[in-house]
Structure formats: C-alpha cells, structure tokens
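Undergrad: A single structure is presented below for examination.
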Amino acid sequence: MKNIFVVVFILLSSRLIEAASNDLLNKKNEVVQASLVTEAITIDGLLNERVWKTAVGVSSFTQSDPLEGKEASERSEVFLAYDSDALYVAAKLYDSSPDSIVARLARRDVETNDDLFGIFLDPHYDRRSGYYFGVSAAGNQYDGVLFNDRWDDNSWDAVWESSVNINHEGWSCEFRIPFSQMRFKENEKHTWGVNFRRDISRKNEIDYLVHIPKNEQVFVSRFYDLVGIENVKSSSSIEILPYAITKAEYLNHSANDPFNDGSKYSPGIGGDLRMSIGSNFKLNATINPDFGQVEIDPAVINLSDVETFFSEKRPFFTEGSTIFNFGQGGATNYWGFNWGNPIFFYSRRIGRVPQGSIPDADYSDVPVGTHILGAAKLTGKIGDNWNLGTIQAVTNREFAELQTDGNKNKIEIEPLTYYGVLRAQKEFSDGQQGLGVIATLTARDFKDQRLANEINKNALTSGVDGWIFLDSSKTWVFAGAVGFSHITGTRERIFDLQQNPQHYFQRPDAVKFKLDSNATSLSGYAGRFVLNKQKGNFFFNSAFGFMSPGFDVNDMGFLYRADIINMHVGAGYFWNEPTASYRSLELGGAIFRNLDFDGTTNWSGIFHFGNFQFLNFSFLNWNLGLYEENLNSRITRGGPQIMYPSIMEISLKTSSDSRKNFVYGLVAVTGGSYGYPFFWHLECELEFRPMSNILLSINPFYERNNEFSQWVDSFEDPSAHHTFGKRYVFAEMKQNTFGAGIRLDWTFSPKLSLQVYLQPLIASGAYDNFKELAEPKSYLFNRYPITNNFANQEEFFIDPDGNGPSAGFTISNPDFNFNSLRGNAVLRWEYLPGSVVYFVWTQTRSHFENIGDFRIKKSFDRLLDIHPDNIFLVKFTYWLNM
C-alpha cells in the first residue's frame with residue numbers, strides 16, 4: 001500500500017502546475033452603492049421613507065438552487081443606506097403567490113427553511129472574513145461571522161434591529177445594523193465586500209446577488225464591492241450587561257447529611273463588558289459569570305480509553321471563537337481518517353470539573369465545577385491583514401468538605417489556575433498566503449502537595465500554521481501546522497502522566513520511548529500538512545500528520561491520543577447539474593494508513609462515500625470502510641500490541657425534503673469482522689411542525705454492540721511470562737443501548753420562546769467468557785473457567801493456571817445497567833434589545849446496577865420511581881450601551 005500512496009500522490013500533485021484558464025480573482029468586481037440618509041428611518045418593514053424611493057438598488061439575483069446559474073424565479077430589489085451610526089438595508093421581495101410565503105416562528109439562529117433574506121458583509125475587505133445578518137418572513141433573526149472564505153459561525157450575536165411585512169406583492173424587510181457591532185478600518189471612504197441571499201421555501205430556491213458555482217469552495221472572496229459609505233467609524237461605545245440570578249436546588253441526599261438537607265438557595269450577581277478599543281478591536285470581559293441557561297450535556301456510556309468530547313455552549317466562549325481555530329486555515333476541506341486533530345484551545349477546560357481525588361468519607365460536599373473568577377477576551381485586527389485574539393481567565397481554588405465519624409475537614413481539589421491563549425494570523429497577497437501562531441499557558445498554584453502529585457503544575461503549548469495557494473485562481477492549496485507542548489510537575493505527577501491513555505509509555509514492547517520515574521517534565525511535537533483541490537467538479541485531498549509520544553495539549557486543549565503518524569490520499573467527483581434521475585451526485589474515496597513512532601502499522605484500509613439528492617429533494621448518503629488486519633497498541637491499555645482482525649463497516653442515511661412540516665430520516669450502521677459478531681446501530685430522525693411556531697424533533701436510536709474482546713482489567717503476575725509479567729483480561733460483551741434526543745421549540749414571538757430538551761438513556765452490558773491475552777501480537781486468548789453463576793456477584797476470584805504458580809486475582813463484576821433521564825426547559829424573553837430574562841428548570845434522574853439485563857419497560861418504570869434532582873433558576877440581564 002505504501003507504493004500506492006507514493007504513485008497516487010505524485011500523479012495528482014503533478015497537476016498543480018495547471019493554471020486556471022479563467023482567473024476569476026482578477027475579474028473586475030461589480031459595485032453596490034449605499035446612499036447617505038439624513039431622515040429618520042423607522043424599522044417597520046414598510047419601506048415608506050423617501051430614501052428607499054430614490055436610492056439605487058440591485059435586483060439581478062441568480063439561482064444557486066434548484067437550477068444553478070439560472071435567473072431567479074421571483075424579482076428582488078435591495079437598497080442600502082447609512083448614517084453616522086448604522087447601515088440600513090431594505091429589501092422588496094416580490095412573490096407571484098404571496099399567500100404561499102412560508103413564515104414560521106423560531107428562536108434566533110434556528111434554521112426553519114422559511115422564506116428568508118440576508119446580507120453578507122466584508123467590512124475589512126480582506127476577502128476572507130466578515131459578518132452576516134438575515135431575517136425570515138416571520139421575523140426570525142439570523143446573524144454570525146464568516147471566516148476562512150466560506151465557513152461561518154452563528155454563535156456570534158449582535159444587537160441590531162429588523163422588521164418584516166407580508167403584503168399583496170410579496171414581502172419586505174428592513175434592517176438597522178449599528179456600526180458599533182462590526183469591526184472595520186478607519187477610512188474617509190470605505191470599500192466593503194457585499195452579497196445578498198434570498199430563500200423561497202416552497203420552491204426550495206436559494207438566490208444570490210453574487211452567484212458562486214457549487215464546485216468552487218469559495219464565498220467571501222467573490223463578493224461585489226460596496227461603495228458610497230464615507231466618514232463613518234466603528235463606534236467606541238461601551239456595552240455593559242449586568243446580571244442578577246437566583247437559583248434553587250432540590251437534590252437527593254442521605255439522611256443526616258450535614259452538607260445537604262435536600263434544598264439549597266444561592267443568589268448571585270455578575271456582569272459582562274463589551275468595549276471597542278480603537279476601530280479594530282473588541283474587548284469582552286466577564287466577572288463572576290453564570291451559564292445556567294445553557295443546555296445540559298447529554299448522558300453518555302463511554303467504555304473506551306478516550307475522553308468524551310462535549311461542545312462548548314457558554315456564550316462568552318462561543319462568540320467570536322473562530323479566531324482561535326488553529327491548523328485549519330486556507331484549505332476548506334480537512335479530511336481525517338482515524339486522525340484526532342489536536343485542539344490547542346478547548347474552552348471547556350476553563351471552569352472544568354475539579355480534578356483532584358476525594359478521600360473516602362461518610363459525607364461530602366463537592367463542587368460540580370470550578371468557579372470562574374473572571375475572564376477577558378480581546379479580538380480584532382492590526383493593520384490590513386493581522387487577525388489577533390487573546391483570552392485570559394482565572395479560576396478559583398476549590399475545596400471539598402468532608403465529614404467522617406462526626407469530624408469535618410476541607411481538602412483542596414482544584415488549585416487556583418490561570419489560563420491564557422494568544423492567537424495571531426496574517427494574510428498576504430489578497431489571501432494567497434497566510435501565516436499564524438498560537439500559544440497557550442496554564443499555570444497552577446498549589447497549597448496541597450497531594451494535589452500537586454495529581455495535576456500538572458504548568459503547561460505551555462505553541463504552534464505555527466499557514467497556507468499557500470499554488471495557483472492564481474486559488475484552485476490548489478497547501479496548508480500545514482506544527483506545534484509543541486511542554487508540561488512540568490512533580491516526579492509523581494509526570495510518572496502518572498506518561499501512563500495515561502494519551503501516551504501509554506508503560507507499553508512493554510515500545511521501542512522509541514520508556515517510562516522515566518525521575519522526569520519532572522514531558523514534551524512533544526506534532527504537525528499536519530494538507531494538499532487540497534478547492535475548485536471544479538473533481539476534488540482531491542491528501543494529508544500527512546504526526547504526533548510524537550510525548551505531545552499533550554490537554555491542560556488547555558483537547559487530545560485523543562499521541563504517538564501517531566497518519567496519512568491519506570482521497571479524491572472524488574461532484575455532479576451538480578440536475579438530470580432526469582437526480583439533482584446532484586457525489587462519489588469519492590480514499591486510502592489511508594496509521595503508524596506509531598516505532599513504525600508499526602496500526603490502522604489501514606480503503607474508504608468510499610457517496611451522496612445522492614433525489615429529484616424530490618430527499619437525500620441518500622452512504623459510507624463503506626474496509627480496514628485491514630493490523631497490530632493495535634491501545635486495546636491492552638498500556639500492555640503489548642495485539643493483532644486486531646480486519647473490519648468492514650457500512651452506513652446508510654436517508655432524509656426527506658426539509659421544507660415539509662413533517663421531515664424524517666433513517667440511519668443504519670453495521671460492521672464487524674468475519675468470524676466474529678457484528679455491531680449495528682439504528683436511528684430515526686423525526687421533525688414535526690404541528691403549528692407554524694412549534695417544532696418537535698425526536699431522534700430515537702437503538703444500538704447493539706457484540707464485542708469479542710472488551711477490555712476488563714490488567715493484573716501484575718510474575719508467572720505471566722508470555723505477556724511481560726502481567727495478565728491482560730478481556731471478555732465477550734453484549735451491550736444494548738436505547739436512547740433519544742427530544743426537543744420542543746415553541747416560539748411565541750421572535751423575542752419570546754420556550755425550548756425543552758429531554759434525553760432518556762438506557763444502557764446495559766453483559767460480560768461473559770472472561771479470558772486473557774495468550775501472547776503479544778496475536779488475537780489468541782486463554783479462556784477462564786467462569787460460569788454465569790457468578791453473574792450477580794459484586795466480584796469473583798480467578799485462578800488463571802489452576803495448580804500453577806499464579807496466586808490469582810479478583811475481578812469486580814463489570815456488568816452494568818445504567819438508566820438516565822435528564823433535560824431542561826428554558827423560557828427566554830428579550831424584553832429590550834440585548835436584555836434578556838431566562839427562566840430555567842433542569843432535572844436529572846439516574847440509576848446504576850451491576851447487572852447486564854436489558855429491559856426497557858422495567859428501566860423506564862425504575863426511572864419514574866426515582867426521586868429526581870431539580871434545579872430552578874431565574875436570570876435577569878440588562879443591556880446598557882454607553
């Protein structure tokens with residue numbers, strides 16, 4: 001397979017010398033004119049002001065869907081005006097069937113496939129970034145940021161005004177976008193980039209002023225020029241968002257618990273600050289933040305050695321976070337095959353669950369998270385093309401209160417901690433090249449030596465990333481990133497760090513690394529390089545990446561594993577012109593290989609994928625993976641390599657027309673090895689809209705995992721000569737999981753909405769046929785003589801060699817039955833622009849037993865009988881613009 005990689009890479013890379021026959025970037029841009037307005041404009045959607053009758057508008061929209069490149073089926077007229085404080089947008093959206101306009105209420109930024117109008121702006125005129133603002137025919141607002149030419153992020157929320165009006169000619173809308181909400185250079189005369197979009201739901205039609213072919217992975221770089229804006233500045237206003245909160249918690253508790261009598265009441269105050277620094281920078285700061293209004297994380301069953309990744313939901317960290325993306329600029333496709341891209345800044349580390357161990361006690365009071373004392377974020381631009389972002393945060397020292405035999409004491413479980421990240425990126429030659437740097441620092445102050453032996457003292461990471469387009473049409477791009485990490489701590493801590501699942505330095509058959517009990521630091525390096533074809537129906541992607549055994553960014557970032565060398569070559573073709581059989585078709589595939597730093601191949605195979613859109617706008621997606629037999633160095637969790645059999649995996653997904661009031665989708669996944677039982681996963685995705693302002697979505701799923709070699713534990717035993725003095729114990733496991741994600745969005749008005757989220761989860765695992773690895777680099781096992789009579793015991797003794805020299809060992813019963821029901825309801829009322837009141841109810845129920853039975857009805861009955869934990873919260877915020 002190595003030869004295949006080399007040949008394919010050379011053949012495809014040789015095509016880079018091809019220059020585009022038509023260099024679109026050198027094409028003269030069209031111009032959109034904005035008019036100065038001196039009269040007051042009322043944002044009511046009626047367009048009665050004189051400026052809208054005299055301003056020069058644009059109307060030449062082109063379809064992107066369903067008939068790409070054709071003239072829009074309905075006429076649209078858009079006008080722009082401005083004064084010293086804001087940009088005004090007015091759109092007349094004519095419709096031959098105004099009674100068929102789709103207008104459904106929804107929460108802000110929630111896509112509903114309604115009729116919609118939006119504006120895209122590139123105020124910095126860097127041809128790679130910007131903002132977007134949109135409104136549906138029902139008045140729902142959409143906004144966000146644009147970056148990396150064609151990517152977007154809707155977590156950014158601006159304070160702006162909009163209004164719509166449906167009439168006999170169609171519908172119309174007006175926007176008022178304050179200049180204070182955007183960053184741009186101070187100039188006497190401004191030139192921005194601009195584009196407009198209109199969606200006509202019943203026709204599944206999407207129209208743009210600037211049409212970009214689907215086979216070109218660009219967007220911002222093709223905008224028209226917006227001219228006419230003169231003598232305006234990005235306001236230096238100060239926005240203050242104080243908050244007051246009250247929380248009532250009613251929790252399960254033990255009798256005579258001195259720390260928890262079943263109820264707890266906690267008021268609080270804090271605030272956020274947004275402040276312009278010059279015309280190009282924005283400072284966000286928060287003191288004593290509270291994020292009680294965010295959606296609860298789902299329950300998960302994780303039997304692997306890899307940490308579960310949860311997405312960030314806290315507004316302070318999500319807004320404007322794209323500047324901190326590292327290693328994924330320039331190229332718009334970053335395929336990964338068993339490559340867990342290291343995230344240098346994972347904001348959920350700030351305010352994380354305390355990491356310190358807690359001694360056994362009769363009663364304990366442990367904080368569920370680390371309190372953030374304060375945080376500040378500065379983002380913006382220096383000069384024409386330098387993007388800069390930094391976050392500084394300090395979290396409190398946290399303690400657990402314990403009581404044993406009537407004696408109370410406090411122990412430190414999380415030290416006072418500083419988190420800092422700095423990100424800078426510069427673009428050259430109109431985005432033809434880019435260069436960026438990132439650095440993060442985590443520093444902790446310990447008062448308890450016990451804790452210092454459990455948590456890293458300091459952690460520093462740094463990296464450089466960039467890209468270069470290899471032709472003037474920006475068809476081919478080469479992108480890459482390299483990074484470095486350095487962690488310090490006590491000898492005890494670094495010794496433990498070397499043995500965690502990211503590193504496994506204790507592996508007895510490793511060559512390039514060994515455990516070092518005297519080390520007080522751990523360092524490593526990583527890198528990844530990508531070659532991507534970004535235009536045309538033929539697409540191509542290849543990558544080469546590596547992470548050394550000592551690389552670790554987990555103090556402030558997220559890392560699945562180190563000690564990996566990863567590579568792939570992939571290509572495919574996209575048919576985007578509708579035919580008599582389909583609307584679009586995409587076929588692609590790749591070959592890939594993973595090695596460790598000893599040069600051992602531990603993952604390789606071929607992958608095929610396809611996407612098919614039917615004429616009725618429904619979809620079918622499929623994936624097929626064939627993975628070769630390879631040595632695996634992770635299944636034994638720090639033990640010797642094991643020969644893992646070849647695997648086949650197939651997945652299918654179908655979804656119906658998303659415009660309808662009832663939308664369904666089906667997902668089916670199966671896979672396994674020849675001669676061993678297969679796993680499978682079935683999921684149904686349902687969306688139902690009984691009324692225009694109510695959306696109910698239910699995603700039930702059932703999963704069956706028949707695992708032939710499920711990890712159980714390892715035990716020291718000098719008599720285990722064939723496996724380096726340890727016995728690595730496995731079992732066959734039948735795991736059943738049933739769950740669902742249930743959401744209700746009830747929008748009473750664009751400013752008042754109710755969101756309910758509910759997640760039931762029932763999971764069981766029945767272990768049988770316990771066994772140990774017979775010899776390294778094999779898939780052979782020695783089975784233990786354990787019968788099902790032991791299934792309901794908490795633990796059982798195993799003598800692996802009968803009358804042999806082994807002393808034997810005790811295994812805790814790994815069978816499990818876990819039931820969980822968790823959810824929350826959030827009523828959100830924006831009573832004034834930027835000012836919000838939240839009413840939140842969160843409830844959790846869970847139950848665990850050491851049995852492997854899977855009984856859905858019994859589990860649900862048990863959940864309903866359990867006394868829940870309830871948290872009620874009211875949060876009041878008020879936006880001040882000074």
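The values are calculated or read from the model by the stated rules, or taken from the named source; none is laboratory data. The model shown is predicted, which means the values in this text are computed figures rather than measured ones. Every residue, glycine as well, gets a Cβ built from its backbone with ideal geometry; the counts of neighbours run over all protein chains shown. Protein only, heavy atoms only, side chains kept; ligands, DNA and RNA dropped before computing areas. Shrake-Rupley method; radii C 1.70, N 1.55, O 1.52, S 1.80 Å.
Undergrad: Find out how many positive minus negative residues lie around Met275, taking Lys and Arg as positive, Asp and Glu as negative, among other residues whose Cβ is under 13 Å from that of Met275.
TA: Overall, the nearby charge balance is +2.
Undergrad: Go through 568-578, 122-132, 862-872 and give me the packing order, highest mean Cβ count within 10 Å leading.
TA: Result, highest mean first: 122-132, 568-578, 862-872.
Undergrad: Using square roots of five times the C-alpha gyration tensor eigenvalues, list the equivalent-ellipsoid semi-axes of the stretch 303-437 in whole Å, biggest first.
TA: 40, 19, 10
Undergrad: A further question follows. If I take every Cα pair under 8 Å that is 6 or more residues apart in the chain, average their sequence separation and divide by the length, what percent do I get for the relative contact order?
TA: Answer for the chain is 9 percent.
Undergrad: Over the alpha carbons of the stretch 765-882, what is the largest minus smallest coordinate on each principal axis, giving the biggest first in Å?
TA: 81, 37, 23
Undergrad: Something else: Tell me, what is a quarter of the convex hull surface for the C-alpha atoms of the stretch 46-162, in nm² with one decimal?
TA: Dividing the Cα hull surface by four gives the mean projection, 8.7 nm².
Undergrad: How would Ile413, Ile343 line up by accessible area, probe 1.4 Å, largest first? Numbers along the way, then the final one.
TA: Numbers: Ile413 0, Ile343 60 Å².
Result, largest first: Ile343, Ile413.
Undergrad: Here's something else I'd like to know. Can you tell me the alpha carbon radius of gyration of the stretch 689-763 divided by the globular rule-of-thumb value 2.2 N^0.38 Å?
TA: In units of the globular-protein estimate, the stretch 689-763 measures up at 2.09.
Undergrad: Sorted by mean Cβ packing within 10 Å, highest first, what order do the peptides 366-379, 449-462 take?
TA: 449-462, 366-379
Undergrad: Follow-up question, since we're still on this one. Just checking my list (i) 54, 34, 26; (ii) 75, 43, 23; (iii) 48, 34, 29 against semi-axes √(5λ) of the Cα gyration tensor in Å computed from this structure; which label fits?
TA: Calculated semi-axes √(5λ) of the Cα gyration tensor in Å: the matching label is (iii).
Undergrad: Follow-up. Go through the stretch 405-411 residue by residue and turn each phi into a ³J(HN,Hα) via Karplus (6.51, -1.76, 1.60, θ = phi - 60°); whole Hz please, and just put x for glycine and proline.
TA: Karplus-based 3J(HN,Hα) across the stretch 405-411 equals 6, x, 9, 9, 7, 10, 10 Hz.
Undergrad: If you roll a 1.4 angstrom probe over the protein chains with everything in place, what fraction of the accessible area of the stretch 733-882 belongs to carbon and sulfur, to the nearest %?
TA: Heavy-atom surface of the stretch 733-882 belonging to carbon and sulfur, 1.4 Å probe: 57 percent.
Undergrad: Grab the other residues whose beta carbon is less than 10 angstrom from that of Leu754, score K and R as +1, D and E as -1, and report the net.
TA: Result for the local shell: +1.
Undergrad: Would you compute the Debye intensity of the stretch 631-716 from its alpha-carbon atoms alone, equal scatterers and no solvent, and pass along log10 I(q)/I(0) at q = 0.13, 0.17, 0.19 Å⁻¹ to two decimals?
TA: These q points yield log10 I(q)/I(0) values of -0.63, -0.81, -0.91.
Undergrad: For all pairs of alpha-carbon atoms in the stretch 581-648, what percent lies in each bin of width 5 Å, listed from the first bin to the last filled one?
TA: Computed distribution, short to long bins: 4, 15, 18, 15, 12, 10, 8, 7, 6, 4, 1.
Undergrad: Please give the calculated 222 nm ellipticity per residue for the chain, where each DSSP H segment of at least 4 residues contributes -39500 (n - 2.57) and the sum is spread over every residue; nearest 500 deg cm²/dmol?
TA: Computed ellipticity for the chain at 222 nm equals -1000 deg cm²/dmol.
Undergrad: Could I ask something else about it? Could you tell me the relative contact order of the stretch 696-836? Use alpha-carbon pairs under 8 Å, at least six residues apart, and round to a whole percent.
TA: Across the stretch 696-836, relative contact order equals 24 percent.
Undergrad: With each pseudo-label sitting 7 Å past Cα toward Cβ, what's the Arg108-Phe662 distance in nm, one decimal?
TA: 3.4
Undergrad: Same structure again: Assuming 0.890 mPa s and 25 °C, estimate D for the stretch 110-202 with Stokes-Einstein, Rh taken as the Kirkwood radius over Cα pairs, in µm²/s.
TA: 173
Undergrad: Oh, and also: Under a cut-off of 18 Å between alpha-carbon atoms, report the lysines in cross-link reach of Lys447, not counting same-chain residues fewer than 8 places apart.
TA: Correct list for Lys447: Lys410, Lys457.
Undergrad: Using a cut-off of 14 Å between beta-carbons, work out the net charge of the residues near Ser84 (Lys and Arg +1, Asp and Glu -1, Ser84 not included).
TA: Counting the neighbours of Ser84, the net charge comes to -4.
Undergrad: Turning to a different aspect of this structure: With all protein chains present and a 1.4 Å probe, how do Leu388, Leu780 order by accessible area, largest first? Mind dumping the intermediate values first?
TA: Details: Leu388 40, Leu780 95 Å².
Result of the area sort, largest leading: Leu780, Leu388.
Undergrad: Counting only heavy atoms of protein chains, what accessible area per residue, in Å², does the chain have with a probe of 1.4 Å?
TA: On the way: 38250 Å² over 882 residues.
Per residue, the chain has an accessible area of 43 Å².
Undergrad: Per residue of the stretch 438-446, in order, report the coupling 6.51 cos²θ - 1.76 cosθ + 1.60 (Karplus, θ = phi - 60°) as ³J(HN,Hα) in whole Hz, putting x for Gly and Pro.
TA: Once rounded to whole Hz, the list reads 9, 8, 10, 9, 10, 10, 10, 10, 9.
Undergrad: Work out from phi, with θ = phi - 60° and the Karplus expression 6.51 cos²θ - 1.76 cosθ + 1.60, the ³J(HN,Hα) of each residue of the stretch 72-84, listed in order in whole Hz, and give x for Gly and Pro.
TA: 4, 6, 10, 7, 9, 10, 10, 10, 10, 9, 7, 10, 5
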